[in-house]
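Notes follow the structure.
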């Protein structure tokens, strides 16, 4: 829908690039509106923007004055877009999770019916999957995390050439891996400060809870159950709940481990700030070397390589630019064309610079 910037609220989603008298959009499509964006629009004298019919939390926008009536066909395009489908899925998962908290059993068939259409649609939206963290909020992080981990797991499974059926099973394992969080004290789940040692020990029980909640399902392969149970195990034996080492961890668990860590570190959480996807990939590759399966980390990086060219980014010195080339050897240190000067720099030769944000 088209609205005047004065109608915008925090949480709106801009669905078309907003252009000023610039060579690059002043605000990119799929941006979740913050007060600073409204200020920018006023300063650039922008008189209309295209926004989604839903807020980032999935709620439908009501009682807003649009600049013109849109045809049902146009509305349908927005409502069936991948981002809208993702946000709707998160809200439906949230309802399921609250039912599990109230004691209802996990209906795996319903979870499958919820996530499979999104997994299939995601095949055409690889870059959007890698940027799902933008829509996660502190309050709804857990629900976004479960859906996003499922999508990321399916993405990596495709990259590793798994069959279509296995891609679905691995995606399901990702979505269900944190269902056991429903058995954790809500006070711990929503705590704004770092967890105490005892509270973290409770959190570490969630893979076991997740396993127990789905172990009798006839829809899931045994590999899915192992993936769910083992998604916090680490190659070097430092994980939980058992402390398994490399060859004892099922591949599904290794895939979900990478996806779980990637989405968690790129998302805004209750007591931790988000990091850019590039910083997170560096951390998974170098800082946490020996904890994750190299083949799976490489599959995630290869997904980056094929998706990030042309993406607008912001560096840690607040310079904005566009990725024009990524080397396989240095996927987190690409070549950047700077927005205001058209200068091309190679981050590999500028160690003091790093990509702070994907725009």
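The long axis of helix 294-305 is offset from the longest Cα principal axis of the chain by roughly 20 degrees. Fully extending the segment from residue 16 to residue 124 would add 37.0 nm, taking 0.36 nm per residue of separation and subtracting the current Cα-Cα distance.
Each label was represented as a point 7 Å from its Cα along the Cα-to-Cβ direction; for residue 318 and residue 9 these points are 3.0 nm apart. Packing, taken as the mean count of other beta carbons within 10 Å per residue, orders the peptides 112-123, 195-206 from highest to lowest as 112-123, 195-206.
Computed from Cα positions, the angle between helix 251-266 and the longest principal axis of the chain comes to roughly 40 degrees.
Annotation: extensible slack from residue 309 through residue 187 equals 39.7 nm (criterion: 0.36 nm per residue apart, minus Cα-Cα distance).
Note: relative contact order over the chain, using C-alpha pairs below 8 Å and six or more positions apart, is 12 percent.
Label reach from residue 212 (point 7 Å along Cα→C-beta): in the stretch 238-262, amide nitrogens under 18 Å belong to 240-243. For the stretch 172-297, rounded, prolate or oblate, judged on the Cα gyration tensor with a ≥ b ≥ c (square roots of eigenvalues), a/c < 1.5 rounded, else prolate if a/b > b/c? Oblate, since a/c reaches 1.5 and b/c is not below a/b. Using the Cβ-Cβ distance between residue 329 and residue 247 with R0 set to 41 Å, the FRET efficiency works out to roughly 0.90. The stretch 99-149 to the stretch 201-265: how many Å between their Cα centroids? When both Cα centres are located, 17 Å separates them.
Placing dummy labels 7 Å off each Cα toward the beta-carbon, the span from residue 273 to residue 195 is 2.3 nm.
Compared with the dominant Cα axis of the chain, that is its longest principal axis, helix 141-159 is turned about 80°.
Here, each number is a calculation from the coordinates, and none is a lab measurement. Treat the numbers as computed from the prediction; the structure is a model and nothing was measured. Glycine gets a Cβ as well: all are built from the backbone with ideal geometry, and neighbour counts include every protein chain shown.
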